[in-house]
Amino acid sequence: MTYKNIPRQSLGFFPTPVVELTKLAEALDGPRILMKRDDNTGLAFGGNKTRKLEFILGDALAHGADTIISAGAAQSNHCRQTAAAAASLQLECHLILGGKEPDVMSGNLLLDRILGAHIHWGGKNRKGEDIPQIVEELKKSGKKPYIVPYGGSNELGALSFVEALKELDLQLQNLNESLTHIVFASSSGGTQAGLMLGKKCLNAAFQIVGINIDKDETGKIPFNQFILSLANDTAEFIGSHYRFSEEDLILDSSYVGEGYGVVGHLENEAISLTAQTEGILLDPVYTGRAMGGLFDLIRSGKIAKTDSVLFWHTGGTPALFAYSE
Ligand SMILES: *Cc1c(COP(=O)(O)O)cnc(C)c1O
């Protein structure tokens, strides 16, 4: 495959572990539950963006960039991992965060500051709307800026999840495990697009079930269409003939609740039960919501006791310290 020539900058510890959650499965009276521990990628508290950044910052370095720019919510895990990766490569990092500067810095935002990122407050804009203006200013001051897209969700970011699924496939072979479902939090689409393409490449039978986290549909195109076109663009990018349409996509939007980052009973129950049965921490915005979704899929019988599920822990735990009451 042509993509072997795409530069990749090592940033994390891979493969991440796969563990079985026997006590959680018992508490739910549910199916076998495995977990892929991408909360342990090793880059400043870890998370799924570490994988994406290996390819995206590999590209930035190949382009001779000296400054990285990205955007997200104030508690963005993507921005925190970008700040850490940039620091480790001695690149200047600018983050445009939604909202306004809080009185107290906590969670991911505190880490952004410790990691030395330059923080710009974007008000209502948390998806990079203000990036072009800051790029112009940086260019004028003689910098070579490189934009990391929202959530790291472009072809390079998605490609990292094709690779991640191959990594998992080898682990499952060694464990002699086979799955019926992979369940995870889906928000900017790169993880899901990559897993969908990886599934085709491996000719795997399990379902790729994205739990939608973000109710906000202010993106230029609807989220499901975005995931499909990113999967198609990524396939094209790596020279694969696979193409995707609506029937290839499972995106469950039943659990968006009151919207992005609004934590309720669903998330709190998932976080507490996972912590108290397995000693594993989830996060309030993404994995807590996705695990709450998985609980519901199990309790409602949509995922049966005879199934075998892998929950992909995509990280995010620093946000726990920003959502405590
Ligand atoms: C970004 C993120 C996701 C969603 O991944 P996307 O590729 O953006 O859809 C899920 N969980 C956590 C903790 C994240 O930070």
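The values are calculated or read from the model by the stated rules, or taken from the named source; none is laboratory data. Remember, predicted model here, so these are calculated numbers, not experimental data. Cβ: placed from backbone, ideal geometry, glycine included. Neighbour counts: every protein chain shown. SASA here: full protein model, heavy atoms, side chains in, ligands and nucleic acids out. Shrake-Rupley method; radii C 1.70, N 1.55, O 1.52, S 1.80 Å.
Looking only at residues in the stretch 166-199 that are within 17 Å of residue 290 (Cβ to Cβ) and in a helix (DSSP H, G or I), which one is farthest from the ligand (Cβ to nearest atom)?
168
Tell me, please, whether a residue that is in a loop (DSSP other than H, G, I, E, B), aliphatic (A, V, I, L, M) and out of contact with any helix residue (DSSP H, G or I) (no Cβ under 8 Å at 6 or more places or on another chain) can be found in the stretch 88-107.
Our first condition is that a residue be in a loop (DSSP other than H, G, I, E, B); within the stretch 88-107, this holds for 89-91, 98, 100-106.
Filter once more, keeping what is aliphatic (A, V, I, L, M): 89, 91, 104-105.
Filter once more, keeping what is out of contact with any helix residue (DSSP H, G or I) (no Cβ under 8 Å at 6 or more places or on another chain): 104.
Within the stretch 88-107, one or more residues are in a loop (DSSP other than H, G, I, E, B), aliphatic (A, V, I, L, M) and out of contact with any helix residue (DSSP H, G or I) (no Cβ under 8 Å at 6 or more places or on another chain).
Residues checked against (1) in contact (Cβ under 8 Å) with a residue 60 or more places away in the chain; (2) aromatic (Phe, Trp, Tyr); (3) in contact with a helix residue (DSSP H, G or I) (Cβ under 8 Å, 6 or more places away or on another chain):
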| position | (1), (2), (3) |
| --- | --- |
| 186 | yes, no, yes |
| 204 | no, no, yes |
| 215 | no, no, no |
| 234 | yes, no, yes |
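For the stretch 273-289, what are the residues that are surrounded by fewer than 20 Cβ atoms within 10 Å (Cβ to Cβ) and of a type in the set (S, T, N, Q)?
The answer is 276, 277.
Pick from 171, 225: which is touching a residue at least 60 places away in the same chain (Cβ under 8 Å) and either open to solvent by 10 Å² or more (accessible area, probe 1.4 Å) or under 17 Å from the mean Cα position of the chain (by Cα) (or both)? Steps first, please.
Numbers: 225 fails: touching a residue at least 60 places away in the same chain (Cβ under 8 Å).
Going through 171, 225 in turn, just one is touching a residue at least 60 places away in the same chain (Cβ under 8 Å) and either open to solvent by 10 Å² or more (accessible area, probe 1.4 Å) or under 17 Å from the mean Cα position of the chain (by Cα) (or both): 171.
In the stretch 129-145, what residues are touching a Pro at 6+ places or on another chain (Cβ under 7 Å) and open to solvent by less than 50 Å² (accessible area, probe 1.4 Å)? Before the answer, list the steps.
Keep residues of the stretch 129-145 that are touching a Pro at 6+ places or on another chain (Cβ under 7 Å), which gives 135, 138-139.
Result: 135, 138.
Sort through 258, 246 and tell me the only one that's acidic (Asp, Glu) and over 22 Å from residue 288 (Cβ atoms). Break it down into steps so the answer makes sense when it comes.
Numbers: 258 fails: over 22 Å from residue 288 (Cβ atoms).
When all the criteria are applied, what remains is 246.
For the stretch 55-67, indicate whether the set of residues that are at pLDDT 95 or above, under 20 Å from residue 151 (Cβ atoms) and in the same structural domain as residue 180 (by TED's automatic domain parsing) is non-empty.
Scanning the stretch 55-67, I find no residue that is at pLDDT 95 or above, under 20 Å from residue 151 (Cβ atoms) and in the same structural domain as residue 180 (by TED's automatic domain parsing), so the answer is no.
Of these, 319, 270, which one is surrounded by 22 or more Cβ atoms within 10 Å (Cβ to Cβ) and closer than 17 Å to residue 75 by Cα?
Criteria check complete, one pass: 319.
Anything in the stretch 47-96 that is of a type in the set (Ser, Thr, Tyr) and either crowded, with 24+ Cβ neighbours inside 10 Å or within 12 Å of the ligand (Cβ to nearest atom) (or both)? List them, or say none. Show your work before the answer.
First, pick out the residues of the stretch 47-96 that are of a type in the set (Ser, Thr, Tyr): 50, 67, 70, 76, 82, 88.
Residues satisfying the conditions are 50, 70, 76, 82.
If we keep just the residues of the stretch 228-256 that are farther than 19 Å from residue 155 by Cβ and charged (D, E, K, R), which is most open to solvent (accessible area, probe 1.4 Å)?
From the stretch 228-256, those farther than 19 Å from residue 155 by Cβ are 246-247, 250-256; that's our starting set.
Cutting the leftovers down to charged (D, E, K, R) gives us 246-247, 252.
Numbers: 246: 92, 247: 151, 252: 31 Å².
Among those residues, the one meeting the criterion is 247.
Could you look through the stretch 200-226, keep only residues that are polar (S, T, N, Q) and under 18 Å from residue 291 (Cα atoms), and pick out the one that is nearest to the ligand (Cβ to nearest atom)? Even if it seems obvious, please write down each step before you answer.
Our first condition is that a residue be polar (S, T, N, Q); within the stretch 200-226, this holds for 203, 207, 212, 218, 224-225.
Okay, now just the ones that are also under 18 Å from residue 291 (Cα atoms), so 207, 212.
Values: 207: 17, 212: 9 Å.
Filtering first and then ranking leaves 212.
If only one of 259, 292, 301 is surrounded by fewer than 16 Cβ atoms within 10 Å (Cβ to Cβ) and within 16 Å of the ligand (Cβ to nearest atom), which one is it? Please lay out each step first, then the result.
On the way: 292 fails: surrounded by fewer than 16 Cβ atoms within 10 Å (Cβ to Cβ); 301 fails: within 16 Å of the ligand (Cβ to nearest atom).
Result of the check over 259, 292, 301: 259.
Pull out all pairs, ordered by first then second residue, where Cβ-Cβ is under 9 Å, the residues are six or more apart or on different chains, the first lies in the stretch 298-318 and is over 30 Å from residue 41 (Cβ atoms), and the second is open to solvent by less than 40 Å² (accessible area, probe 1.4 Å) and β-branched (Val, Ile, Thr).
304/298; 305/298
Quick check on my filter: what residues within the stretch 147-166 are touching a strand residue (DSSP E or B) at 6+ places or on another chain (Cβ under 6 Å) and open to solvent by less than 10 Å² (accessible area, probe 1.4 Å)?
148
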